[in-house]
Each structure stands twice: as structure tokens, then as C-alpha cells.
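Just so you know, all these numbers are worked out from the coordinates, no wet-lab data involved. All of these numbers come straight from a predicted model, not from anything done at the bench. Cβ atoms come from the backbone with ideal geometry, glycine included; neighbour counts cover every protein chain shown.
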């Protein structure tokens with residue numbers, strides 16, 4: 001018996017209320033272009049809206065004009081969706097709190113997750129979302145997941161509670177050496193500073 005190997009998220013579909021609420025949230029708050037719409041091919045009374053979250057993949061929403069907005073937080077029981085996280089740049093992340101505050105949207109405030117920064121809030125229908133910004137950029141040709149895998153191994157070997165900056169920096173160094181070539185036979189750390197170097201001319 002063989003695995004069914006996935007190659008990424010194709011799309012995520014949510015149950016929405018009316019059409020305009022979905023457009024106002026996904027495009028008007030989160031900036032996701034509204035790229036496609038057609039009837040829900042399984043339920044003729046519903047519309048199916050498609051939004052681009054920034055990587056060309058899709059967030060889709062089933063809407064119907066007679067569905068009322070209910071902001072009650074979605075249940076977090078076993079088997080239910082807890083939250084969906086979207087990537088934002090560091091520059092955008094530093095503005096999220098202010099921009100949510102300007103709309104009166106309650107949120108968690110900025111949270112340091114060790115390997116990323118996060119902020120949480122709910123949509124008008126009570127679903128929880130996270131905007132996340134990685135603390136690191138992986139080496140060229142390496143994914144964020146590979147860096148986290150290597151950092152996890154280092155964290156476990158060192159007996160540390162959670163991934164931190166040191167694990168990430170060391171993981172990036174290991175992956176850089178593994179995925180790039182050098183004419184130097186010995187690529188271990190070196191110290192070329194034989195004498196102290198002044199930082200400024202007036203030191």
C-alpha cells in the first residue's frame with residue numbers, strides 16, 4: 001500500500017454569510033484580491049468566491065444572501081478547525097496591531113513564538129486567524145520547513161524547551177554548508193582578528 005503524497009495546500013473553503021461581508025473581510029481587511037466567482041456547483045442557492053492569499057493558492061468562501069452574520073467564536077472541539085495562519089512580511093507585521101485597532105477589531109497583541117511573531121483575531125463570523133512573520137529567511141533553495149526541521153533536531157539534542165534564535169541561526173549555517181559548495185576544505189568557524197579593530201575612527 002502506497003502513500004497519497006501531497007504537494008501543498010490547493011485551497012481552503014469556508015462557510016460564509018453574505019457575499020459583501022466576505023469581500024469586505026478577505027479583500028478589504030486582509031488585502032487578498034477577489035479573483036473568481038461562480039455558483040457553488042453542489043448547492044445552487046450559494047455563490048462560491050475565490051481569493052488569492054498572496055501565493056497564488058486560494059481561499060474560497062460559500063456565501064448566501066439570506067445568511068445572517070453571527071460573530072460567536074467558532075467551537076474549538078476535537079476535529080474542528082482552530083485557526084488558519086497567513087504569512088506577512090516583518091514590515092506588515094509591525095503595522096497589524098495599529099490597523100486592527102483602527103477598525104476596532106479585538107486581537108491578541110503581538111506574540112513571540114520563538115521562530116516567528118504572531119497576532120490573532122477573529123473574522124466577522126467568529127473564526128480565529130493568525131498573521132505570522134518568520135524571524136528568519138532560509139538559505140537559497142531551502143524551505144522554511146527544512147530550517148524548522150533542523151532547528152528542532154538541535155533543540156532536542158540540547159534539551160531546550162522551545163526553538164529560539166540560536167537554534168535557527170545554527171540550522172541555517174548547517175543547511176548552508178550542506179546545500180552550497182566551497183573551495184575551502186575546512187569550513188569550521190575561524191577568527192581572523194589578530195588585533196582589535198576599531199568600530200569608529202574616534203574609538
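A few comments on the model shown:
- Distance between modelled label sites at residue 160 and residue 143, nm, 7 Å Cα→Cβ extension: 2.3
- Between helix 90-102 and the chain: long-axis angle, C-alpha atoms, 0 to 90°, nearest 10: 40
- Rounded Å value of the spacing that divides the Cα centres of region 1-23 and region 154-195: 38
- Neighbour-count ranking [beta-carbon atoms within 10 angstrom, fewest first] of 26, 200: 200, 26
- Max mean-square fluctuation residue, GNM over the chain, Cα-Cα springs under 10 Å, options 138, 71, 192: 192
- A Gaussian network model of the chain, with springs between Cα atoms under 10 Å, assigns the largest mean-square fluctuation among 184, 98, 176 to 184.
- On Cα atoms only, tilt of 165-179 relative to the major axis of the chain in degrees: 80
- Beta bridges per DSSP with both ends in region 12-69, % antiparallel, nearest 5: 70
- Rounded to 0.05, the FRET efficiency of the residue 4 and residue 169 pair, given R0 = 41 Å and the Cβ-Cβ distance, is 0.70.
- Net length gained if the chain between residue 112 and residue 91 were fully extended (0.36 nm per residue, minus Cα distance): 6.0 nm
- Residues residue 98 and residue 67, FRET efficiency given R0 of 30 Å [Cβ-Cβ distance, rounded to 0.05]: 0.45
- Between helix 144-158 and the chain there is an angle of about 60 degrees, using the helix long axis and the longest principal axis of the Cα atoms.
- Cα convex hull of the chain - mean projected area over all directions, nm²: 20.1
- Here the chain carries DSSP beta bridges of which approximately 65% are antiparallel, counting only pairs with both residues inside.
- Relative contact order, percent, region 1-129 [alpha-carbon distance under 8 Å, six or more residues apart]: 23
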